[in-house]
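**Q** One structure coming up, written as structure tokens, with questions to follow.
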Amino acid sequence: MRQLVFLLAAVFPFALHADEAAIRKAFSERYGKVAVKSVTATAVPGIYEVYADGNILYTDEAGDHLLMGPLVETRSRINLTQQRLEALKAVKFDSLPLDQAIRIVKGKGERRIAVFSDPDCPFCQRLEKELAGMDNLTIYVFLLPLPELHPQAVGIAGNVWCAEDRAGAWQAYMLEGRKPESGKMCASPIDAIAALAGELGISGTPAIILPNGRRLEGAIPAASLETLLDGP
């Protein structure tokens, strides 16, 4: 994908003057599988932001030309596309169904994060090792097995949820490789979490939600998480 750089005078988009319906129509006809969530004018005359499938693309007011790549403000060298993506992907922490998550409390548990995690995802296991060294933290683990990548993950996740000590079963598997006891049957929120992940545009694991709504992806080092959690 070719990266294009534009001059930009401001980070926030202006009112939409183009025919939003025309842009949506063009995308629907030419990229039928792309789900357009929003169309917003940028500070660059004639260029419009299209937010679709968790990504930002740029187009003209008729939707006839497509630009892909980051929009950069050259004076500050700020990646405005990344800023917009963080804002668009933000999640209100208290709107999450925390009763559907495994709650792990470390120390006083005053700080909070939510993690969408697949038990057989190697990056999720790496993240768990990073989290193991942190203190004063409450972790809400939303079980998001991805069977197309890890065929056994759904069964493992179900067994973890049905364990008497969910937090203990999760950590034993993720940190030590000890499989949870199988055979116990119970109602699990795994399908509901998959639907929630779809609504939030989460397609990979691990995905971390911070209290301020910011979303992170991947096995973030503990030191970086400490900075983000203790920062403004």
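The values are calculated or read from the model by the stated rules, or taken from the named source; none is laboratory data. Remember, predicted model here, so these are calculated numbers, not experimental data. In this analysis, Cβ positions are derived from the backbone assuming ideal geometry, glycine residues included, and neighbour counts consider all displayed protein chains.
**Q** Given the conditions (1) in contact with a helix residue (DSSP H, G or I) (Cβ under 6 Å, 6 or more places away or on another chain); (2) modelled with pLDDT under 90; (3) of a type in the set (Ser, Thr, Tyr), and given that THR42 satisfies all but one, which numbered condition is not satisfied?
**A** That leaves (1) as the condition not met.
**Q** For segment 89-116, what are the residues that are touching a strand residue (DSSP E or B) at 6+ places or on another chain (Cβ under 6 Å), without any contact (Cβ under 8 Å) to a residue 40 or more places away in the chain and charged (D, E, K, R)?
**A** Passing the criteria: only LYS106.
**Q** Here's a follow-up. Listed residues LEU131, LEU144; which is under 25 Å from ARG215 (Cα atoms) and in contact with a Phe, Trp or Tyr (Cβ under 9 Å, 6 or more places away or on another chain)?
**A** Checking each option against the conditions leaves just LEU144.
**Q** Which numbered condition trips up LEU127, out of (1) in the same structural domain as MET174 (by TED's automatic domain parsing); (2) touching a helix residue (DSSP H, G or I) at 6+ places or on another chain (Cβ under 8 Å); (3) buried (at least 19 other Cβ atoms within 10 Å of the Cβ)?
**A** Checking LEU127 against (1) in the same structural domain as MET174 (by TED's automatic domain parsing); (2) touching a helix residue (DSSP H, G or I) at 6+ places or on another chain (Cβ under 8 Å); (3) buried (at least 19 other Cβ atoms within 10 Å of the Cβ), the one that fails is (2).
**Q** Next question. Which is in contact with a Ser or Thr (Cβ under 7 Å, 6 or more places away or on another chain) and closer than 18 Å to GLY198 by Cα, of PHE93, PHE116?
**A** PHE116
**Q** I'm trying to understand the selection: among the residues of segment 188-232, which are under 27 Å from GLU164 (Cβ atoms) and either of a type in the set (Phe, Trp, Tyr) or part of a helix (DSSP H, G or I) (or both)?
**A** Correct list: ILE190, ASP191, ALA192, ILE193, ALA194, ALA195, LEU196, ALA197.
**Q** Is one or more of the residues making up segment 175-192 of a type in the set (Gly, Ala, Ser), within 17 Å of the chain's Cα centre (by Cα) and assigned by TED's automatic domain parsing to the domain that holds VAL115?
**A** yes
**Q** Since THR40 meets every condition but one in (1) under 25 Å from the mean Cα position of the chain (by Cα); (2) among the hydroxyl-bearing types (Ser, Thr, Tyr); (3) not in a strand (DSSP E or B), which condition does it not meet?
**A** (3)
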